[in-house]
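Reading through the structure tokens given below for one structure.
Nothing in this text is a laboratory measurement; each read-out follows from the coordinates by a stated rule. In this text, all values refer to a predicted model and were calculated from it rather than measured experimentally. Glycine also receives a Cβ, built like all others from the backbone with ideal geometry; neighbour counts cover every protein chain displayed.
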Amino acid sequence: MTLRKPYTINSMLTKTLNDLSQYADYSLVNNLVCDPNATIDGDDHAPRQVFNGHYVPVKPEPIDTPIYITHSSIFFEELGLCDSLAQSEDFIRLFSGDTSQVPEQMRNIGWSCGYALSIYGTEYYDQCPFRTGNGYGDGRAISIFEGVLNNQRWEMQLKGGGRSPYCRGADGRAVLRSSVREFLAQEHMHALHIPTSRSLCLYTSRTESVHRPWFHDGSHSKAPEVMINEPVAISTRVAPSFIRVGQVELFARRARKNEHPNAKEELKLLILHLIDREYANVIDDGLPFHKKVITLAREFQSRLTSLVAHWIRVGYCQGNFNNDNCAAGGFTLDYGPFGFIDNYETEYQPWTNGGTHFSFMNQPHAAEKNYTMFCMALEQLLGDHPQELQELSDVMAVFKNTMRKELENMWASKLGLHTFNHTIFEDMIKLMEKESIDYTIFFRELSHIPHDITPLTKSFYRELDDTTMASLQKWYDTWKSLIHSGNPTEINATTPQSQERLSKLMKGVNPKYTLREWLLVPAYQNANRGDYSLLKELQDVMTNPYDEQSEEREKQFYRKKPSDLFHVAGISHVSCSS
């Protein structure tokens with residue numbers, strides 16, 4: 001598994017929006033093709049078909065009377081931004097959707113992109129209102145800035161910034177509930193050392209609200225039962241690019257069907273842009289294009305398999321891992337119906353419509369389906385290169401093996417083992433599933449290398465009888481024996497020093513705190529009432545997920561899910577409106 005790269009801090013902080021504008025550099029709109037049917041002024045907010053071009057210029061629709069809630073101080077520091085900038089008038093104006101008064105170096109019109117939909121390896125068209133696939137894309141996500149900060153290119157995108165031609169008749173807004181979830185989740189995932197889009201800032205409206213489907217309090221329903229009025233919000237998410245597998249697939253479909261004369265050229269331009277934005281440090285610019293395509297396929301496979309192994313490592317389930325929620329850069333993107341597991345379930349699924357195909361332990365298979373669609377899209381560019389077509393086929397064929405190795409390495413690291421042991425792993429999974437064991441607490445307690453099984457028992461949701469205790473003891477004894485006999489001397493836990501070193505390694509991959517839904521609910525409920533204190537405390541806890549924190553915080557955030565919250569709608573499962 002690969003971890004995030006270190007960053008360097010810019011000693012010259014950006015203090016004003018005008019300072020930020022000096023770093024503007026719009027490679028996407030400068031190098032790719034604009035929709036030829038787009039409006040000049042970006043007033044393009046009604047559903048329509050987009051037949052070609054990589055992006056549509058769209059002017060965001062600002063929310064009314066915006067209020068500052070929070071920003072990521074950690075990410076601001078990485079970008080070289082001064083904290084006070086987040087609450088300055090012009091910064092709030094821009095990142096709540098008003099682009100009318102930006103500095104001249106910035107664009108006053110944003111952009112949105114289209115993509116195709118495939119679910120678990122099957123192409124879909126009916127979700128597009130025109131049944132053609134030409135109306136599916138960024139319905140409420142509008143990018144407003146691209147630039148280079150601290151030698152890294154970033155794109156900044158408003159989530160909930162209004163309608164685009166891809167809105168499919170929706171209002172283009174995000175509610176505060178879902179915005180809080182995504183804002184906290186992105187920075188939490190980064191702190192967990194998992195590649196992800198990042199959170200910049202979060203603003204809500206003092207006056208504007210929208211209706212959304214939701215559940216009655218305490219309901220066990222799988223489907224939303226009522227429309228509720230919720231305050232709107234805009235969160236700004238940031239990434240090197242927002243190119244998705246579905247985007248690549250859209251242009252490949254157009255090339256395959258010969259939908260317009262420039263279809264294949266637009267696909268090629270998109271792939272070159274993807275390489276430049278996401279893979280420039282690993283793909284030699286001097287390579288012939290067809291060789292770049294093969295290298296891209298290999299590198300994406302490496303990133304995607306590592307990413308999914310990381311998800312399972314921390315108990316994260318994407319919930320809806322289809323191709324449009326799969327970033328072509330190999331990082332976590334789109335925190336809609338996601339969830340962090342409580343008691344271990346192989347088929348844990350936080351999304352009511354997700355099915356087992358997007359469930360927790362099926363995520364490697366879902367990733368393979370997305371990867372296959374990505375490679376099939378690349379085939380459109382290799383028709384004149386039979387050798388490379390064969391190479392691409394060979395690369396696709398090893399995905400399962402690459403994924404298996406990533407998972408085995410991950411499980412070995414979680415268990416503190418030098419090498420993966422299939423028997424101890426299988427016995428553990430059976431025990432966790434049968435006895436309803438809290439995933440996070442079990443592994444964190446195991447990371448202390450306990451002298452007996454007593455600390456592990458605090459992770460059990462069910463009452464422990466003699467049979468359960470005997471099963472746990474047997475597993476523990478086998479695990480401890482493997483640690484002693486199979487690990488190198490410096491981490492075999494046979495001396496206090498080696499035990500301390502091993503414990504430190506295990507705690508570095510087994511977080512103490514994860515962003516469980518039942519912790520999120522009171523934070524966004526309080527935020528709906530204008531109280532952001534719990535949200536900010538949760539932000540602080542979850543950006544230090546591996547650290548031991550105060551006794552008070554441990555009591556509040558390091559505990560099993562309360563029994564009365566199981567199966568409750570909006571807590572144990574969520575709808576796509578989340």
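The figures follow:
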item: Inter-label distance, nm, simple model (7 Å from Cα along the C-beta direction), T207/H357; result: 4.6
item: Sorted peptide list for 223-232, 303-312, 200-209, criterion being average Cβ within 10 angstrom, highest first; result: 303-312, 200-209, 223-232
item: Over 27 Å (Cα to Cα) - which of K257/K405; K222/K405; K15/K59 fall in this group; result: K257/K405; K222/K405
item: Y558 versus S302: modelled label distance in nm, points set 7 Å from Cα along the beta carbon direction; result: 3.6
item: Fraction of the pair-distance distribution of the range 259-301 above 13 Å, Cα-Cα pairs, percent; result: 52
item: Cβ-Cβ FRET estimate between V282 and D465, R0 fixed at 45 Å, reported to 0.05; result: 0.25
item: The range 205-273 - convex hull of the alpha-carbon atoms, volume per residue in Å³; result: 197
item: Contact order normalised by residue count of the range 256-409, Cα under 8 Å, 6+ apart, percent; result: 25
item: Cα long-axis angle, helix 176-191 against the chain (0 to 90 degrees, to the nearest 10); result: 60
item: Angle in degrees between helix 263-278 and the longest Cα principal axis of the chain, rounded to the nearest 10; result: 50
item: Segments 491-500, 132-141 sorted - mean Cβ within 10 Å per residue, highest first; result: 132-141, 491-500
item: Within the chain: Cβ-based charge dipole about Cα centre, in debye rounded to nearest 20 (Lys, Arg +1; Asp, Glu -1); result: 480
item: Average projected area [Cα convex hull, the range 256-409], square nanometres; result: 10.1
item: Values of log10 I(q)/I(0), in the order q = 0.17, 0.18, 0.23 Å⁻¹, for the range 360-420 under a Debye, Cα-only, solvent-free model; result: -0.67, -0.71, -0.91
item: Cut-off under 5 Å, modelled amide H: who pairs with T14 long-range; result: L81, C82
item: Helix-only CD estimate at 222 nm, as mean residue ellipticity for the chain, using -39500 (n - 2.57) per DSSP H run (n ≥ 4); result: -12000 deg cm²/dmol
item: Additional length obtainable on full extension of the chain from R404 to S485, 0.36 nm per residue less Cα span; result: 26.7 nm
item: From phi via Karplus (6.51, -1.76, 1.60), per-residue ³J(HN,Hα) for the range 13-25 in Hz, x at Gly/Pro; result: 6, 7, 9, 9, 5, 5, 4, 4, 4, 5, 9, 5, 7
item: Which of I67, V226, V29, positive extreme of dipole for the chain (C-beta unit charges); result: V226
item: Karplus-derived HN-Hα couplings along the range 396-405 (A = 6.51, B = -1.76, C = 1.60, θ = phi - 60°), whole Hz, x at Gly and Pro; result: 4, 5, 9, 4, 4, 5, 4, 5, 4, 5
item: Zone residues, the range 551-578, relative to S219, backbone N less than 16 Å from point 7 Å out along Cα-to-Cβ; result: 567-578
item: Segments 556-565, 181-190, 146-155 sorted - mean Cβ within 10 Å per residue, highest first; result: 181-190, 146-155, 556-565
item: Relative contact order of the chain, pairs being alpha-carbon contacts under 8 Å that are 6 or more residues apart, as %; result: 14
item: Point-charge dipole on Cβ atoms (K/R +1, D/E -1) for the range 267-343, about Cα centre, debye to 20; result: 220
item: Pairwise FRET efficiency - I228 versus T494, Cβ, R0 = 56 Å, nearest 0.05; result: 0.45
item: Gyration tensor over alpha-carbon atoms, the range 17-242, equivalent ellipsoid semi-axes in Å; result: 26, 24, 18
item: Antiparallel %, DSSP beta bridges [both residues in the chain], to 5; result: 90
item: Eligible aspartates and glutamates near K292 by straight Cα distance, threshold 15 Å, same-chain separation 8 or greater; result: D276, E278, D284, E379, D384, E388, E391
